[in-house]
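Below: the structure, in structure tokens.
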Amino acid sequence: MEPPIYYKRSEYIETDTGNKVSRRATIAGPQNIILGGKTIIANGAIIRGDLRRTGPGHAVVISLGRYCLIGVDCVMRPPYKTYRGNFNYYPMKIGDHVHIGSNTVVEAAQIGNYVEIGKNCVIGKFTIIKDCAKIADGTIIPPNTVVPALSLFAGSPGRFVEDLPESTQEMVEAQTKQYYTRFQPEADAR
Amino acid sequence: MPPIIRDKFTIHSKAIVCQDIEIRGDVTIGAGTIIHPKVTIFAIAGPIFIGNGCIIEEGAIIINRRKDVMRIGDDNLLEIGCRVECPEIGNFNTIATRSRVHHNVRISSFCVIGAGCLLAPTEDETLDDYTVVYGPSAELRTWSGRGKVQEADLRRKHAEYLKEMLPKFNRLRRGDGT
């Protein structure tokens, strides 16, 4: 097992369900954001829950599953478009075990389970990423792309590179769980 | 010692400027312009003028290192994390996510700088109207102008929506005058 990643206890807020949210992350409209539990939101991340769908009642803007990681300086914002002449932002749904690398901008409509997104990526508006897909570092995915399950995408614009092995699901699951356990507060003693 | 920058913000009463931004120097922001949180605007040497109806998204960086005025026209969209240092931007341009434009580029009108493009020519360059910059090596093309009305409509509606929604969730900044 790899060595633990330590963080300062004062820098993160831990919820009852095990979410760890950095105090230095910018979270707008938190009432519209759902975190599944054991999700880590790193320093400098920006999550825009304020860009909600108009209309009455409660609107979920961004929902994240379990064991997710939003890397350092990531931007997560819901996509927008006009539909039948009305402008609206649309909700963003992210599954379980999704890791998003640092400095990535995500405007996807849907991200499945067990997805890995590298650092410095741009995920365009209304992109759909299916289960177990992987996006390499520095990829730029244009708007409205669909990334199929078990595929690796890379480049600018992001293109299909290869199929991933069927064991991806187990690998990513183990990896994300391990990352969560490795992510520990610094020992208080000293 | 760096020169002392005098802060002077002139923000139109109809502009929506979030509190959580970094702003330095002499900056003028026009009516109906929307500035999201976490935007950086640095007028280091000369002042910056931002026109009407622009949308500047989070993480965008606007810097003026020259002595001259930096003018940004009307109805421009500066998307997430873009970095702009050019002395002149016309109207109705889109500077997409995470693109960078250096200080020796002048942008006319109706241009699009694609996501992640780096525009850093060795000598001064002016982008003509309807230029599109795209791809990893920042190639140029000309836009036929198709869908211009729709695009304008989308931008107008977007600004309208943000004008209504942003103040509900974010603290706003007012100009010096008020």
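The values are calculated or read from the model by the stated rules, or taken from the named source; none is laboratory data. Since the model is a prediction, treat every value here as computed from it, not as a measurement. For neighbour counting, all protein chains shown are included, and Cβ atoms are generated from backbone atoms with ideal geometry for every residue, glycine included.
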_Scope the stretch B:97-142; condition among the β-branched types (V, I, T), within 19 Å of the chain's Cα centre (by Cα) and in a loop (DSSP other than H, G, I, E, B); matching residues_ = B:T97
*asked:* Suppose we filter A:R84, A:R52, A:R77, A:R66 for residues that are of a type in the set (D, E, K, R), farther than 18 Å from A:P157 by Cα and crowded, with 24+ Cβ neighbours inside 10 Å; which single one remains?
replied: A:R77
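Is it true that some residue in the stretch A:11-20 is of a type outside the set (D, E), under 11 Å from the mean Cα position of the chain (by Cα) and either at pLDDT below 90 or surrounded by fewer than 21 Cβ atoms within 10 Å (Cβ to Cβ) (or both)?
no
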*Would you call B:I5 at negative phi, assigned to a strand (DSSP E or B) and more than 14 Å from every other protein chain (Cβ to nearest Cβ)?*
no
*Within the stretch A:164-180, can one find any residue that is in a strand (DSSP E or B), surrounded by 15 or more Cβ atoms within 10 Å (Cβ to Cβ) and either touching a residue at least 12 places away in the same chain (Cβ under 8 Å) or of a type outside the set (D, E, K, R) (or both)?*
no
*Among (1) in a loop (DSSP other than H, G, I, E, B); (2) more than 14 Å from every other protein chain (Cβ to nearest Cβ); (3) surrounded by 22 or more Cβ atoms within 10 Å (Cβ to Cβ), which single condition is B:E58 missing?*
(2)
*asked:* Which count do you get for residues in the stretch A:44-81 that are among the polar types (S, T, N, Q) and within 28 Å of A:E11 (Cα to Cα)?
replied: 1
*For the stretch B:158-173, indicate whether the set of residues that are of a type outside the set (A, V, I, L, M), modelled with pLDDT of 90 or more and within 26 Å of A:T104 (Cα to Cα) is non-empty.*
yes
*State all residues of the stretch A:89-125 that are under 26 Å from B:H158 (Cβ atoms), in contact (Cβ under 8 Å) with a residue 24 or more places away in the chain, under 11 Å from the mean Cα position of the chain (by Cα) and surrounded by fewer than 21 Cβ atoms within 10 Å (Cβ to Cβ); if no residue qualifies, say none.*
A:K93
*Restricting attention to strands (runs of 3 or more DSSP E) lying wholly within the stretch A:35-139, give those where 2 or more residues are within 14 Å of chain B (Cβ to nearest Cβ) and among the aromatic types (F, W, Y).*
A:80-83, A:86-89
*Residue under evaluation B:F49, criteria (1) in a loop (DSSP other than H, G, I, E, B); (2) under 17 Å from B:I16 (Cα atoms); (3) away from every other protein chain (no Cβ under 13 Å); (4) of a type outside the set (G, A, S), criterion not met*: (1)
*Somewhere in the stretch B:85-98, is a residue under 20 Å from B:I23 (Cβ atoms) and within 14 Å of chain A (Cβ to nearest Cβ)?*
yes
*Among the residues of the stretch A:126-156, write down those that are buried (at least 21 other Cβ atoms within 10 Å of the Cβ) and in contact with a strand residue (DSSP E or B) (Cβ under 8 Å, 6 or more places away or on another chain).*
A:T127, A:I129, A:A133, A:K134, A:I135, A:T139, A:I140, A:I141, A:V147, A:F153
*asked:* Taking the conditions exactly as written (modelled with pLDDT of 90 or more and away from chain A (no Cβ under 14 Å)), does B:D124 satisfy them or not?
replied: no
*Restricting attention to the stretch B:65-74, which residues are touching a residue at least 24 places away in the same chain (Cβ under 8 Å) and surrounded by fewer than 23 Cβ atoms within 10 Å (Cβ to Cβ)?*
B:R65, B:R66, B:G73, B:D74
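Condition check ((1) within 9 Å of chain A (Cβ to nearest Cβ); (2) not polar (S, T, N, Q)) across all residues:
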site: B:R106; (1), (2): no, yes
site: B:C111; (1), (2): no, yes
site: B:D128; (1), (2): no, yes
site: B:L140; (1), (2): no, yes
site: B:S144; (1), (2): no, no
site: B:K148; (1), (2): no, yes
site: B:H158; (1), (2): yes, yes
site: B:K163; (1), (2): no, yes
site: B:R174; (1), (2): no, yes
*Please enumerate the residues belonging to the stretch B:61-76 that are in contact with a Pro (Cβ under 9 Å, 6 or more places away or on another chain), not in a loop (DSSP other than H, G, I, E, B) and not basic (K, R).*
B:N64, B:M70
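Take B:F92 and tell me if it is surrounded by 18 or more Cβ atoms within 10 Å (Cβ to Cβ) and at positive phi.
Yes; evaluated as a whole, the condition is true for this residue.
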